[in-house]
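Here the structure is laid out as structure tokens; the discussion comes afterwards.
The values are calculated or read from the model by the stated rules, or taken from the named source; none is laboratory data. Keep in mind that this is a model prediction, so the values were computed, not measured. Here Cβ is always computed from backbone atoms with ideal geometry, including for glycine, and neighbour counts include all displayed protein chains.
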Amino acid sequence: MPRLPRLTGAATAALTLGLVAAAPAAPAADDEPLVTDARVIAHFDPATGQTPENITLEPDGSADLTFAYARTVAHVALDGTTTPRAKLPEVANPDTPLVRSAVVTGIARAHDGTLYVNYATGTSATGVWRVSSGSAPVQIAELPPDGFPNGLALDERRDVLYAADSVRGTIWRVPRAGGTATAWATGPAFAPLPAPPASGFGANGVKVHRNAVWVSNTDRGTLLRVPVVQDGSAGPVETRGDGLTGVDDFAFPGHDKSVLVALKSGSEVVLVRPDGTVASLLTAADGLSEPTSVAVRGRTVYLPSADLSTRRNPSLLLAHLRHLIGRG
């Protein structure tokens, strides 16, 4: 979830972390810490808009990030080398709700390597864009210019994308091939609270997991699960976590309903267990600085930190899982 930045200078940081969990519910019996073996792998320059927002992974373990205010999709190799992959077109007089700048937000990757990103501009360019190797980005679906498409998830089995609109409190469903977006899920559970005093960001992160669409709501501090019923429509909304202050995006570290959740405002990553209880895994003391998203590949956890407040520590952190959490 981006905020309007004050680009004041370069920041340097990153970290690789080891996440050790002997069981989903508690640290190991021998009192080993959940987080170990930290080291730096990449750092970014906020002076050029390199504030990481969202992440997806390549088969080799490298990452593709959106840099929100640079309007850029960048590739980060495992050695930390960062190269631009695509830049979304400049928009004249952007008027994006809440931030007033054109920003690239959520990203998803198909198995064929095609990337999809959300672009929020306050104009007709707002919507879902396709990024293919060797080609300029192409808009495949328009979304309302007075909305804020944030998280993005791809369901390849159904050939659809889900975009979480933080301002309109809507989960949009878009054909992967492109076309008209439909409001798949709406209602108070996805809506923001009035800003101020709240941030004005409702539905934020979105993931597809085991025949359901999961959504975080930043203002309400909730993690929601929406079953996909047989005809593809949305089932009843279930609250799977609450009290998650500053919740942004999230990822699944295993096959069950345990979730790793980025709490941006608290510079923290927590584990939300299937019963709704929460355990803190990583904090600012471990090198996090306003993390915006999470990705997991095997036993490696990827954590982009935007650090929009201090502008000193935008980075990509890695973590190592001792085993998949909740393998059942």
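Does ARG220 satisfy the criteria of being assigned to a loop (DSSP other than H, G, I, E, B), surrounded by fewer than 19 Cβ atoms within 10 Å (Cβ to Cβ) and in contact (Cβ under 8 Å) with a residue 24 or more places away in the chain? So ARG220 does not fit the description; no.
Scanning segment 92-112 for residues that are in a loop (DSSP other than H, G, I, E, B), closer than 30 Å to ARG157 by Cβ, in contact (Cβ under 8 Å) with a residue 24 or more places away in the chain and not aliphatic (A, V, I, L, M) returns a single hit, HIS111.
Looking at segment 151-183, which of its residues are among the aliphatic types (A, V, I, L, M) and assigned to a strand (DSSP E or B)?
LEU152, ALA153, LEU154, VAL160, LEU161, ALA163, ALA164, ILE171, VAL174, ALA183
Residues ALA120, ALA86: which one is of a type outside the set (Lys, Arg), within 24 Å of ASP219 (Cα to Cα) and out of contact with any Asp or Glu (no Cβ under 8 Å at 6 or more places or on another chain)? Spell out the reasoning first.
Values: ALA86 fails: within 24 Å of ASP219 (Cα to Cα).
After ruling out the rest, the residue left standing is ALA120.
Quick check, is THR126 modelled with pLDDT of 95 or more, within 19 Å of the chain's Cα centre (by Cα), farther than 19 Å from LEU224 by Cβ and among the hydroxyl-bearing types (Ser, Thr, Tyr)? Against the criterion (modelled with pLDDT of 95 or more, within 19 Å of the chain's Cα centre (by Cα), farther than 19 Å from LEU224 by Cβ and among the hydroxyl-bearing types (Ser, Thr, Tyr)), THR126 qualifies.
In segment 119-142, the condition of being part of a strand (DSSP E or B), touching a helix residue (DSSP H, G or I) at 6+ places or on another chain (Cβ under 8 Å) and surrounded by 16 or more Cβ atoms within 10 Å (Cβ to Cβ) is met by no residue. The residues of segment 224-261 that are more than 20 Å from PRO188 (Cα to Cα) and of a type in the set (Asp, Glu), listed by number, are ASP231, ASP256. Where strands (runs of 3 or more DSSP E) sit wholly within segment 263-327, those with at least 2 residues that are of a type outside the set (Phe, Trp, Tyr) and modelled with pLDDT under 90 occupy 278-282, 315-321.
Looking at VAL117, VAL160, VAL91, just one residue is more than 21 Å from HIS209 (Cα to Cα), in contact with a Phe, Trp or Tyr (Cβ under 9 Å, 6 or more places away or on another chain) and modelled with pLDDT of 95 or more, and that residue is VAL91. Could you tell me whether any residue of segment 231-251 is farther than 20 Å from GLU268 by Cβ, charged (D, E, K, R) and surrounded by 13 or more Cβ atoms within 10 Å (Cβ to Cβ)? Yes, the conditions are met somewhere in segment 231-251.
Just wondering, is there one or more residues in segment 224-231 that are on the phi > 0 side of the Ramachandran plot, touching a residue at least 24 places away in the same chain (Cβ under 8 Å) and within 16 Å of the chain's Cα centre (by Cα)?
First pass over segment 224-231, keeping only residues on the phi > 0 side of the Ramachandran plot: none.
No, the conditions are met nowhere in segment 224-231.
If the condition is being of a type in the set (Asp, Glu) and in contact (Cβ under 8 Å) with a residue 40 or more places away in the chain, then segment 138-153 contributes only ASP146.
Identify all residues within segment 151-172 that are touching a strand residue (DSSP E or B) at 6+ places or on another chain (Cβ under 7 Å) and either surrounded by fewer than 16 Cβ atoms within 10 Å (Cβ to Cβ) or over 18 Å from VAL138 (Cα atoms) (or both); write none if there are none.
So in segment 151-172, the residues touching a strand residue (DSSP E or B) at 6+ places or on another chain (Cβ under 7 Å) come out as 151-155, 159-166, 169-172.
Scanning segment 151-172 gives GLY151, ASP155, ASP159, ALA164, ASP165, SER166, GLY169, THR170, ILE171, TRP172.
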